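A quick write-up on the structure given underneath.
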Amino acid sequence: MKFYNINQPRERVSFRQSVLQGAASGKGLYFPENIPVISPSRLAEMEKMDLPQLAAHLLYEFVREDFSFESFEELCQRAFNFPIPLKEIDPRLYTLELFHGPSLAFKDIGARFLSQTLQKFSGSFNREITVLVATSGDTGSAVAQSFFNVEGIRVVLLYPSGKVSDLQEKTLTTVGGNVEALEVDGAFDDCQQLVKQAFADQELTSRLVLTSANSINVGRFLPQMVYYFWALFQLPRDKRNRVVFSVPSGNYGNLSAGLMAWKMGLSAARFVASSNINRVFPDYLDTGRYQPRDPVSTLSNAMDVGNPSNFVRIAELFNHDHQAIRRLVSYYVGDDPQIRQTIRQVAEEKDYILDPHGAVGYLGCQNQLQPGETGVFLETAHPAKFQNTVETSIHNKLPLPEYLDRMLKKQKQATQMPADYPSFKAWLLDRLDQP
Ligand SMILES: *Cc1c(COP(=O)(O)O)cnc(C)c1O
């Protein structure tokens, strides 16, 4: 299967090339040229598989040009190496916990798959791959943790000095080994600008194999389809008929993966785009017009996005048919007071601790579920990652997982970098000559 550039459909590349390139030319996103539909009998067989096997069978069509089935299955074994449990909240409502990976957020699933994929490709190249990531926190943590010790890959994270939380900074700067952190004297946009300039610099790209690990990479997007099937297979049979997935959304990669799973044959009744007050996509559902806006800060800050980059993938998947999208996707918008109240209420009444993003997903189910439907909301981060918000909402202490506690005690290691391209380039090239 090939992947085409949504902006220039004649530009078609293999899975391998789409992963190595990250974005397509002209800021385009890659999209699979067809979506294989899996028959109900095949799906019935897949029900018995474990998570890595399921991933290998679901995704192999997309990657078969570049892998034998056996080597792809091995890759999935290494990529899907932590559990994704479905837990019952009440008889109509379940949560899919996506936060059991190394950075305690769902981005680990994509990052882990991408790191294993790149390792494979770097081996066949015989050259080291440098992964450049500009991060405002979460993506960088997932990439840092998932790429640590991955052979043939060097990771350079750029983050804005003083603009990430303490905990986030620690997750970026204490990994060490092949993961290096640059503390940029500037804003997140400056970090992004440096990365963009590096990709556009032909001298640099002729000397280094550069790639990005941002959320538009096909290698992050594909594995996210898998857990929708996984969730469904874990539900009791009598509840599988009318399942509604509520997806806390920011850049809309997670929801577009769910919709793609639906095209492949996932028997979901519908989806809820659960949003914070950055409601560009909900407004699109209402009006049919897509109008990006500057994001505002909320308690669910990983969803503070004003121009969701995966919107074009959703539009493409439905041939830009607004009505078709609306038939399958409704929305709910939750604000900060509702997030706090929900965290408190669910802790009291259901004995379950939500994080601020999962709280939005929970609200989506509460408000959109019809009689006879079963809701599954995605829990995208461990509540301890947002310790302060959660503790002040439940008026109680929330112990940190041991792993976070250990990390907070480690020494930060970061190189200071001005927001200036020549300095950044010189630093990158300088390191070429070092072992
Ligand atoms: C990134 C992120 C989201 C949003 O996911 P998208 O795929 O960008 O819509 C939600 N919750 C958490 C915790 C995240 O890190």
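Being crowded, with 19+ Cβ neighbours inside 10 Å, touching a residue at least 12 places away in the same chain (Cβ under 8 Å), among the aliphatic types (A, V, I, L, M) and outside any helix (DSSP H, G or I) is the requirement here; does V164 meet it? Taking the combined requirement at face value, the residue satisfies it.
Only one of the listed residues (E33, E74, E61) is modelled with pLDDT of 95 or more, under 26 Å from V133 (Cβ atoms) and charged (D, E, K, R). That residue is E74.
All of V218, V243 fail the test of being within 16 Å of the ligand (Cβ to nearest atom) and either touching a residue at least 24 places away in the same chain (Cβ under 8 Å) or not aromatic (F, W, Y) (or both), apart from V218. Quick one: would you say T171 is within 21 Å of the chain's Cα centre (by Cα), farther than 27 Å from C365 by Cβ and within 14 Å of the ligand (Cβ to nearest atom)? Spelling it out, T171 is indeed within 21 Å of the chain's Cα centre (by Cα), farther than 27 Å from C365 by Cβ and within 14 Å of the ligand (Cβ to nearest atom). Any chance segment 93-109 includes a residue that's modelled with pLDDT of 95 or more, under 30 Å from L132 (Cα atoms) and touching a Lys or Arg at 6+ places or on another chain (Cβ under 6 Å)? No, because not a single residue in segment 93-109 is modelled with pLDDT of 95 or more, under 30 Å from L132 (Cα atoms) and touching a Lys or Arg at 6+ places or on another chain (Cβ under 6 Å). Helices (runs of 4 or more DSSP H) fully within segment 40-124 that include at least 1 residues being hydroxyl-bearing (S, T, Y) and in contact with a helix residue (DSSP H, G or I) (Cβ under 7 Å, 6 or more places away or on another chain): 51-63. Hey, any hits in segment 191-208 for a residue that's surrounded by 24 or more Cβ atoms within 10 Å (Cβ to Cβ) and either within 12 Å of the ligand (Cβ to nearest atom) or closer than 29 Å to D355 by Cβ (or both)? Within segment 191-208, one or more residues are surrounded by 24 or more Cβ atoms within 10 Å (Cβ to Cβ) and either within 12 Å of the ligand (Cβ to nearest atom) or closer than 29 Å to D355 by Cβ (or both). Listed by position, the helices (runs of 4 or more DSSP H) contained in segment 328-435 that have at least 3 residues being among the basic types (K, R) are 336-350.
Within segment 262-321, being within 16 Å of the ligand (Cβ to nearest atom), assigned to a loop (DSSP other than H, G, I, E, B), aliphatic (A, V, I, L, M) and farther than 21 Å from R220 by Cβ holds for I277, V296, L299. Scanning segment 68-99 for residues that are free of Cβ contacts under 8 Å to residues at least 40 places away in the same chain and either among the basic types (K, R) or within 16 Å of the ligand (Cβ to nearest atom) (or both) turns up R78, F82. In the set (1) within 24 Å of H357 (Cα to Cα); (2) away from the ligand (no atom under 16 Å from the Cβ), P102 fails one condition alone, (2).
Selection of segment 356-400 for residues being within 20 Å of R279 (Cβ to Cβ), within 16 Å of the ligand (Cβ to nearest atom) and either surrounded by fewer than 17 Cβ atoms within 10 Å (Cβ to Cβ) or not small (G, A, S) (or both) yields P356, H357, V360, Y362, L363, C365, F377, L378, T380. A search for C-beta distances below 6 Å between a residue of segment 342-364 that is in contact (Cβ under 8 Å) with a residue 24 or more places away in the chain and farther than 14 Å from N388 by Cα and any residue that is in a helix (DSSP H, G or I) and β-branched (V, I, T), counting only pairs 6+ apart in sequence or on different chains, returns A347/I394; Y352/V346; A359/I339; A359/T342; A359/I343; Y362/T342; L363/T342. Put simply, of Y252, Y227 the only residue that is buried (at least 21 other Cβ atoms within 10 Å of the Cβ) and more than 12 Å from the ligand (Cβ to nearest atom) is Y227. Listed by first and then second residue, the pairs linking a residue in segment 280-291 that is farther than 11 Å from R326 by Cβ to a residue that is exposed (fewer than 11 other Cβ atoms within 10 Å of the Cβ), with Cβ atoms under 7 Å apart and 6 or more places separating them unless they lie on different chains, are V280/Q291; D283/Q291.
Number of residues in segment 20-39 that are touching a Lys or Arg at 6+ places or on another chain (Cβ under 9 Å), of a type outside the set (F, W, Y) and not in a loop (DSSP other than H, G, I, E, B): the value is 1.
The values are calculated or read from the model by the stated rules, or taken from the named source; none is laboratory data. Because the structure is a prediction, the values reported are computed rather than measured. Note that we place each Cβ from the backbone using ideal geometry, even for glycine, and neighbour counts take in every protein chain shown.
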